[in-house]
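No value in this document is a laboratory result; all are computed from the given coordinates. Just so we're clear, the structure is a prediction, and the values are computed from it rather than from any experiment. Cβ placement follows ideal geometry from the backbone for every residue including glycine, while neighbour counts extend to all protein chains displayed.
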Amino acid sequence: MKKLISLLVFLVLNFSVNDFYALPRFALQQKNNCADCHINPTGGLMRNSDGVFFGKNVVSMISPRDQDFPISPKISENVSFGFDYRSQLLYSGEKKRADFQDMTGSIYLNAAVSNKINVLARYDFINAIWEAYGIAKILPNESYIKVGTFAPNFGIRLDDHTAYTRGGDYGLLFALGKIQGLMYNPLYLETGAELGINISNVGLLSASVGKSKFNRTLTTDPTFTTRLEFNPVVGKTALMFGGSFASTKTKYFNQLGVLVTLPTELYGGFAGFGYKRFTVTGEYDIAKDYLGKEINSSAFMIEAAYQLMIGLEAIARYDRFDPDADVEKDDIAHVVFGFEFFPYSFVELRPQYRINIEDPNVDNDAFVLQFHFWF
């Protein structure tokens with residue numbers, strides 16, 4: 001019974017929660033930025049009218065691309081809605097069994113208070129979490145102020161939390177209680193304020209301060225986050241590069257079982273490019289005193305994608321997390337191979353094979369088939 005419970009906890013928490021963030025490769029493919037398709041200036045969550053058009057007519061293999069099937073997210077002139085739902089079939093090589101799981105299900109609501117002010121809310125009815133904030137684009141060059149509960153803008157936001165730059169395995173992968181990945185998992189939110197400054201049409205500088213809502217025993221107020229991104233287009237090549245920095249306080253139990261609070265700093269860089277059907281994105285982050293005093297950790301991610309045809313992309317990603325730079329052979333890594341298949345508007349199928357790499361070697365590879373419906 002204990003093994004069965006452990007398996008269920010592992011399956012549900014390790015593989016069951018995904019972010020619904022804008023994918024950087026879509027922005028690189030289209031030679032634009034995430035804000036072009038999302039109401040949130042830093043990308044993710046609810047799509048605007050261009051984002052709905054992209055999901056209906058651009059990304060899918062078969063869709064009603066004519067005007068005979070009008071689609072609008074608007075409930076009224078100023079109020080609109082949206083949603084994301086994911087589930088998956090997972091086969092674990094370690095446990096030799098398969099299971100279906102709900103992953104996330106979010107409902108979005110946006111109210112346009114004026115041409116420059118929006119109030120956006122999300123409720124995830126599977127994980128029972130919510131975020132809500134106001135966005136005021138009242139500064140020059142569509143720069144903005146955001147106030148409320150939201151995910152801080154750090155690094156590259158992926159829609160797969162098992163990347164160690166985006167939360168990793170919650171410390172539940174084969175070593176319960178051990179953190180494996182940075183804190184930016186799908187449940188991590190902060191309540192605070194963010195300032196975003198658009199640099200001409202090729203860059204965004206954001207800075208925020210807030211209190212963590214994910215785990216009140218992990219961090220203490222305040223948390224400061226800043227990020228600078230440039231996304232120029234050179235000929236037929238779209239580029240993306242920049243850096244992130246966060247300063248917070250981390251709590252952990254030392255060897256004597258005493259709860260210790262440490263000042264923690266996280267910083268890193270990211271880059272990517274898109275040329276025709278091919279994109280590459282990568283991120284490298286360093287965390288000082290994230291897991292304990294005088295311990296430096298690092299997380300790395302690189303992903304390549306190639307559009308085989310409209311509606312079908314091949315994806316390969318490598319992730320690595322080193323919890324302590326001074327200790328050899330303690331890092332973990334995995335390689336993900338798969339496809340993203342968009343057979344029809346607002347429908348995605350994502351088969352993946354995940355090869356887990358650690359020392360000592362464990363027969364724990366997994367096959368995942370994800371189902372994604374959105375609007």
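In the stretch 269-375, with Lys and Arg counted as +1 and Asp and Glu as -1 at Cβ, which of these residues, PHE367, VAL327, TYR284, has the Cα nearest the positive end of the dipole, that is, farthest along it?
Of PHE367, VAL327, TYR284, it is PHE367.
Please state the shape class of the stretch 67-119: rounded when a/c is under 1.5, otherwise prolate if a/b exceeds b/c and oblate if not, all from the C-alpha gyration tensor.
prolate
Mind putting together the pair-distance distribution for the stretch 221-367? All Cα pairs, 10 Å bins, whole percent per bin, short to long.
10, 26, 31, 24, 8, 1
In Å and from the alpha-carbon atoms only, list the Rg and Dmax of the stretch 267-334.
Calculated on Cα positions, Rg and Dmax stand at 15.6, 50 Å.
Would you work out the charge dipole size for the stretch 295-366 about its Cα centre, treating the Cβ of every Lys and Arg as +1 and the Cβ of every Asp and Glu as -1, and quote it to the nearest 20 debye?
My answer is approximately 480 debye.
Taking neighbour Cβ counts within 10 Å as the exposure measure, how do LYS276, LYS329, LYS249 sort from fewest upward?
LYS329, LYS276, LYS249
Calculate the FRET efficiency for LYS249 and PHE53 from the Cβ-Cβ distance with a Förster distance of 56 Å, rounded to the nearest 0.05.
0.80
Which of the three applies to the stretch 45-145, rounded, prolate or oblate, going by the alpha-carbon gyration tensor with a ≥ b ≥ c and a/c under 1.5 meaning rounded?
Judged from the Cα gyration tensor, the stretch 45-145 comes out oblate (a/c at least 1.5, b/c at or above a/b).
Please compute the modelled spin-label separation between PHE337 and TYR91, points set 7 Å along Cα→Cβ, answer in nm with one decimal.
Taking the simple label geometry, TYR91 and PHE337 are separated by 1.5 nm.
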